[in-house]
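Below: the structure, in structure tokens.
The values are calculated or read from the model by the stated rules, or taken from the named source; none is laboratory data. Computed from a predicted model, the values in this text were never measured in an experiment. With ideal geometry, Cβ positions are generated from the backbone for all residues, glycine too; neighbour counts draw on all protein chains shown. Just the protein is used for accessible areas: all its heavy atoms, side chains included, with ligands, DNA and RNA removed. Shrake-Rupley method; radii C 1.70, N 1.55, O 1.52, S 1.80 Å.
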Amino acid sequence: MEAVHDHGHEHHPSGIMRWVTTTNHKDIGTLYLFFSLIMFFFAGSLAMGIRAELFQPGLQFMQPNTFNQLTTMHGLIMVFGAIMPAFVGFANWQVPLMIGAPDMALPRLNNWSFWLLPMAAILLVGSFFVPGGAAAGGWTMYPPLFIQGGLSGDMTIFAVHILGISSILGSINIITTIMNMRAPGMTYMKMPLFVWTWFITAFLLVAVMPVLAGAVTMLLTDRHFDTHFFNAAGGGDPVMFQHIFWFFGHPEVYIMILPAFGIVSSIIPTFARKPLFGYASMVYATASIAILSFIVWAHHMYSVGMPTAAQLYFMYATMLIAVPTGVKVFNWIATMWEGSMTFETPMLFAIAFVALFTIGGFTGIVLAVVPVDIQLQDTYYVVAHFHYVLVSGSLFAIFAGAYYWLPKWTGHMYNETLGKWHFWLSMIGFNILFFPQHFLGLAGMPRRIPDYALQFADFNMISSIGGFMFGATQLLFVIVVIKCVRGGTKATAQVWEGADTLEWTIPSPAPYHTFATPPVIK
Amino acid sequence: MSGNKDSYYLPTPSHWPIVGSLALLTMASGVIMMVNKISMGGVTLLAGVAILLFMMYGWFGEVVRESESGKYNKQVDKSFRLGMSWFIFSEVAFFAAFFGALFYARVLSVPWLGSGDTMAQLWPQFVASWPTSSPGVEQVSGPGSMAKFTPMGAWGIPAINTLLLLTSGATVTWAHWGLIKNNRSQLVIGLFMTIALAIAFIVLQAYEYHHAYTELGLTLGAGIYGATFFMLTGFHGFHVMLGTTMLAVILVRSMKGHFKPDAHFGFEGVAWYWHFVDVVWLGLFVFVYWL
């Protein structure tokens, strides 16, 4: 295989301009991943502020409005700045390598998709420093509260617009790459599952990011141009925003988990040394989840009031999602069944993903039940639920994928001891942090509140201790990544004994240009 | 990479994307400053637009040069086609958000405001109807205390505009046939007619807005009817202007002798976009103006 071309190597400017002007999918993937890591620490430090304030009852460190800014921006930046860009980084690196393509289909557009993100980050992070501070109405931006906010509200709206453009362009590129750039013989049903999950995720993004753009545009005109979309005094309805937002928002939560499914589906077969159990059913389950995600949005808003028939419909449709998700969980377990397993760091994170994501999935079914949800709406039970799917789900999968592919990207093995420390401390810290929040929520503690009644004090203190532990542990990850980039044991081409997808056939580190001549898949 | 027809064309590093990103940041900053009454907002916005136009000129110019020098093979052509198709799909989703708002208001929230407890608690006199007010009907325009307005009728300018856009869809197809038959004058005349029809549409739409604001009292602030009316027709009009600019570019390219009967994605991409704008208008005509 002519993986390395002598020309092309040096055909890029050096220094910072290499990264600014690059059209190489590996460079752009690296940019996405580092951007995501920086945003992860920024939004993570906001979370540390939240947990510090909630360490004990009363107001210790900040005013309630500051606290609301922290929760709002923690949510927005983690979702749009950390989790989503990390997955796009994986897609950039891995999709061309896994389908035997020389690069993404539209390389210049790929560069633009990335370089829009720092612009949006400037607006979001910068909004902390304008009069009135950052947006404080929650990451969901519900009117009328959001409409009443100050300058930062507009900065948030335009940041969302720019993030949306970035996601749409990036997704168009991923879809086009997968449809048009597969190596000869790589039929759709031979694609690695990671490629499949990103194919479906990109479709979801192209379908729903414009809807979010429409929703925030209406917020902007309601704020400044005298429209009454979300104001009953003009015939509009604030609940209408919630419908439009969650029509985006529910597919969005799958956008943040489907690529995680793909990563875990790559890792478990490798370390179980068995092919993935039920490949075809995995593909169909992913597609089913994506389709269902469009028709369940109102389960986020039972308590705003809707006809009973609508509540029943949304409840049953939501519960239906448990079926394809269950297919996936059982397939992962069946893949491990009687496998000859080893437990390197990627596998540890992947197994923790399966166990903890399933807990988050179960609490999701609990919350789908209308009468239960009416009790639990906006309590810490909901906070615990979505952190089980987003932290021990999406984030753990991102860590798993990073450890799994770092040797391919850098050419060095990461430090396994430090990796294991990172895993176990994360695993324990995470559960100390979020498990007690189920109890807090069941006991009625509301979310987005800087102070609380005395009976919640013990669990909050435990949760905060877990939070600081989890937060500090993430510094270990940075150390592992830096050490791995700078040196370490040379990685072989295949890296992992059980790995068999295309990226493991090229040298480690992956040459700057790969598959200039496409491989032929039997 | 090489210009070898067999290998996929991979562009060299490009500075256009970062220029585009800075343009969008500047434009966003300009609008944020304007709506918050911070001085220099308008200038900042204009500067952003200027940078964006510079970027588009440079970036698209580069693509056109690469295309005309034969660097793109069939596979690259297909990437462009797929990319444009999915871009149009995302535009459909964008309009869907506003159509969704329109249907939600008409079918759900306005009737709710005019019935049951909601009406009794808020505005007992409110009569739910769509448009939210019409001439001669004794009711306030919205539930609150908004000024009265007259809704826009369908069978005047909007009907003419429908004819204009449908005809322009036909002329652009006629131009396409000319291109395929290698009849260059049919291509140029067809495109010219399409652009003329598009400009006529924009002029009439501008006249309609002027009429709405000065004589009908129909403004962005005219309740949910005015909001959905201007948001939908406004974004559509913006897309028409974009499409007209794109048509003008391919007209110039056609006159320069670009495009071949068997390879003219630039033309087709614009034609697809134009048909998309046309279809959105049909939705607007039926649901915003007529029904």
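Solvent-accessible area of residue B:51, probe 1.4 Å, all protein chains present, reported in Å² to the nearest ten, please. Counting only protein heavy atoms, residue B:51 exposes about 60 Å² to solvent. Summed for both chains, how many Å² of accessible area, to the nearest 100, are buried between A and B with a 1.4 Å probe? Answer for the A-B pair: about 5400 Å² buried. Diagonalising the gyration tensor over the Cα atoms of region A:297-352 and scaling each eigenvalue by 5 before taking the square root yields semi-axes of 38, 13, 5 Å, largest first.
Annotation: peptides A:27-37, B:110-120, ranked by per-residue average of other Cβ atoms within 10 Å with the highest first, follow the order A:27-37, B:110-120. Computed extension length for residue A:52-residue A:295: 83.7 nm, one decimal, from 0.36 nm per residue of separation with the Cα-Cα distance subtracted.
For the protein assembly as shown, what is the mean residue ellipticity at 222 nm derived from helices alone (per DSSP H run of n ≥ 4: -39500 (n - 2.57); sum divided by total residues; nearest 500 deg cm²/dmol)? Could the numbers behind the result be given before it?
Numbers: 27 runs with 528 residues, N = 813.
Computed ellipticity for the protein assembly as shown at 222 nm equals -22500 deg cm²/dmol.
The largest accessible area among B:130, B:177 belongs to the first residue in B:177, B:130, and the rest follow in falling order (1.4 Å probe, all chains).
The label point for residue B:238 and the one for residue B:155, both projected 7 Å from the Cα toward the Cβ, are 3.3 nm apart.
Put simply, the amide H of residue A:500, placed in the peptide plane, has no neighbours under 5 Å, leaving out anything fewer than 5 places away on its chain. The mean number of Cβ atoms from other chains found within 10 Å of a Cβ in peptide A:241-254 is 1, as a whole number.
Which residues in region A:252-281 have a backbone N closer than 13 Å to a point placed 7 Å from the Cα of residue A:330 along the Cα-to-Cβ line? From region A:252-281, the list is A:278, A:281. Between helix A:345-368 and chain A, what is the angle of the helix's C-alpha long axis to the longest principal axis, kept within 0 to 90° and rounded to the nearest 10? Relative to chain A, helix A:345-368 is tipped by roughly 30 degrees. As a calculated quantity, the FRET efficiency between residue B:255 and residue B:7 at R0 = 30 Å, using C-beta atoms, amounts to about 0.40.
Loop only per DSSP, at most 16 neighbouring Cβ atoms within 10 Å: give me the chymotrypsin sites (Phe, Trp or Tyr not before Pro) in region A:330-377, ordered by residue number. For chymotrypsin sites (Phe, Trp or Tyr not before Pro) across region A:330-377 that sit outside H, G, I, E and B with at most 16 neighbouring Cβ atoms in 10 Å, the list reads A:337, A:343. Accessible-area rank, largest first, for B:77, B:262, A:103: B:262, B:77, A:103, with all protein chains present and a 1.4 angstrom probe. Packing, as the average of other Cβ atoms within 10 Å across residues, places the peptides B:16-22, A:502-508, A:205-211 in the order A:205-211, B:16-22, A:502-508, highest first.
Using only the alpha-carbon atoms, how far is helix A:238-255 inclined from the longest principal axis of chain A? Give it as 0 to 90 degrees, nearest 10. That works out to roughly 20 degrees. Start at zero, step by 20 Å, and the Cα-Cα distances of chain A spread as 22, 58, 19, 1 percent across the bins. Sequence-ordered 3J(HN,Hα) estimates for region A:85-99 from the Karplus curve with 6.51, -1.76 and 1.60 and θ = phi - 60° stand at x, 4, 5, 5, x, 4, 4, 4, 5, 8, 4, x, 5, 7, 10 Hz, glycine and proline given as x. Computed from Cα atoms, the angle from the helix B:184-211 axis to the main principal axis of chain B rounds to 20 degrees. Go through A:399, A:84, A:356 and say which Cα lies farthest out towards the positive end of the charge dipole of chain A; charges sit on Cβ, +1 for Lys and Arg, -1 for Asp and Glu. Going by the charge dipole, the pick is A:399. Measuring only protein heavy atoms, the 1.4 Å probe finds residue A:277 accessible over about 110 Å². For residue A:379, the residues whose modelled amide H falls within less than 5 Å of its own, excluding neighbours fewer than 5 places apart on the same chain, are A:447.
Give me the extension gain from residue B:38 to residue B:125: residue separation times 0.36 nm, minus the current Cα-Cα distance, reported in nm with one decimal. Mind dumping the intermediate values first?
Values: separation 87, 0.36 × 87 = 31.32 nm, distance 4.10 nm.
Net length gain for the segment: 27.2 nm.
Neighbouring Cβ atoms from other chains, within 10 Å of the Cβ of residues in A:107-115, number 6 on average. Would you be so kind as to identify which of A:485, B:283, A:345 lies farthest towards the positive end of the dipole of the protein assembly as shown, taking Lys and Arg as +1 and Asp and Glu as -1 on Cβ and the Cα centre as origin? Value: A:485.
Between residue A:62 and residue A:281, what's the calculated FRET efficiency when r is the beta-carbon distance and R0 is 45 Å? Round to 0.05.
Numbers: r = 49 Å, r/R0 = 1.09.
That gives a FRET efficiency of 0.35.
FRET efficiency for the residue B:53 to residue B:211 pair, using the beta carbon distance and R₀ = 35 Å, is estimated at 0.70.
The orientation-averaged projection of the convex hull spanning the C-alpha atoms of region B:74-290 amounts to 13.0 square nanometres. Shown for the protein assembly as shown: the carbon plus sulfur share of the solvent-accessible area, taken with all protein chains present and a 1.4 angstrom probe, equals 72%.
Give me the 1.4 Å probe accessible area per residue for region B:237-291, excluding ligands and nucleic acids, in Å². List each step's numbers first, then the result.
Details: 2320 Å² over 55 residues.
Spelled out: the 1.4 Å probe surface of region B:237-291, per residue, equals 42 Å².
For region B:255-264, 3J(HN,Hα) computed residue by residue from phi via the Karplus equation (6.51, -1.76, 1.60; θ = phi - 60°) reads 5, 7, x, 6, 6, 10, x, 9, 8, 8 Hz, glycine and proline entered as x.
Give me the inter-chain shielding for A:155-161: mean count of other chain Cβ atoms within 10 Å, whole number please. Kindly include the intermediate steps, with their values, before the conclusion.
Working: counts 4, 0, 4, 7, 2, 0, 4.
That average works out to 3.
Using θ = phi - 60° in the Karplus curve 6.51 cos²θ - 1.76 cosθ + 1.60, the 3J(HN,Hα) couplings for region A:38-53 round to 5, 5, 4, 6, 5, 5, x, 5, 4, 5, 4, x, 4, 5, 5, 5 Hz; x is entered for Gly and Pro.
Amide H to amide H distances under 5 Å link residue A:231 with A:236, A:237, where only residues 5 or more positions off or on other chains count and H is placed in the peptide plane.
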